[in-house]
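Please read the structure below before turning to the comments.
Quick note: the coordinates plus some simple rules give every number you see, no bench work behind them. Because the structure is a prediction, the values reported are computed rather than measured. Please note: Cβ atoms are built from the backbone with ideal geometry, for glycine as well, and neighbour counts cover all protein chains shown.
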Amino acid sequence: MTELLHPSDFREAMSLLSAAVNVVTTDGAHGRYGLTASAVCSVTDAPPTVLVCVNRKSAAHAALVGNGCACINILPGDREDIAKEFAGLTSLPHERRFANGIWEKSPAGLPVLRNALASLEGEIREGKPVGSHTVLFIEVRSLRMRADGDGLAYFSRAFHRIERSVLASNASC
Ligand SMILES: Cc1cc2nc3c(=O)[nH]c(=O)nc-3n(C[C@H](O)[C@H](O)[C@H](O)COP(=O)(O)O)c2cc1C
């Protein structure tokens, strides 16, 4: 283990932290935006809270903070294309990103991806700036989820499809 901590070493180590891939969306007076985010984590179930770390330079940041609400769409294994578009890795302009996939409006008016593994919608209760990012704490008000579908993970700077085990999805305990 190396003693000297260099930012590039830190980023290299973090590339080995496999993570689910999500598109975090918002809509409201500050506009409709979405960004691909893997820095999403469950915080507590009482009240049900997730955190998302969002770079303040991303176009979605001001809209998320201004609208005060967000929906975390956990991508299924076959939607790497959507992950790339919402990460700005394709030539697709911002306003066309919601053209791919079926995006529905939740009762609260947020973009929900129809085939997401799960979509968790809620209010941003707090935002804590840390370095280049803001850690947004989102209290989840409603969710929907699928009983099937593979997962999508990001590991070692590449997307990987994670097979959902039939046993796990049929388990009753
Ligand atoms: C797999 C993956 C995970 C990412 N995770 C995050 C994240 O957690 N937070 C973040 O701010 N940006 C993350 N990004 C980068 C943003 O998706 C990207 O910078 C942003 O959407 C740029 O687009 P913009 O044109 O909307 O600003 C991630 C990118 C990829 C490919």
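Details
- Among Leu152, Leu120, Leu16, residue whose mean-square fluctuation peaks in a GNM of the chain (springs only between Cα atoms under 10 Å): Leu16
- Loop trypsin sites (Lys or Arg not before Pro), the range 49-116 (other Cβ atoms within 10 Å of the site Cβ: 14 or fewer; DSSP): Arg56, Lys57, Arg114
- On a per residue basis, the convex hull of the C-alpha atoms belonging to the range 1-128 measures out at 139 Å³.
- Reachable aspartates and glutamates, given that their alpha-carbon falls under 20 Å from the alpha-carbon of Lys105 and they are not under 8 places away in the same chain: Asp27, Glu85, Glu95, Glu121, Glu123, Glu139
- Loop sites here are GluC sites (Glu not before Pro) outside DSSP states H, G, I, E and B with no more than 10 other Cβ atoms within 10 Å. The longest part of the chain free of them is 4-162.
- In the chain, helical runs assigned H by DSSP with n ≥ 4 each contribute -39500 (n - 2.57); averaged across all residues and rounded to the nearest 500, the mean residue ellipticity at 222 nm is -4500 deg cm²/dmol.
- Summary value for the range 15-173: 28 percent relative contact order, contacts being C-alpha pairs under 8 angstrom separated by 6+ residues.
- Cβ-based exposure ranking for Ser156, Ser38, in which fewest neighbours within 10 Å come first: Ser156, Ser38
- From the alpha carbon centroid of the range 107-155 to that of the range 68-106 is 12 Å.
- With θ taken as phi - 60° and the Karplus curve 6.51 cos²θ - 1.76 cosθ + 1.60 applied, the whole-hertz 3J(HN,Hα) list for the range 74-86 is 7, 6, x, x, 9, 10, 4, 4, 5, 4, 5, 5, 6 Hz, x standing for glycine and proline.
- The lysines within cross-link reach of Lys57, meaning a Cα-to-Cα straight distance under 24 Å and a gap of 8 or more places when in the same chain, are Lys84, Lys128.
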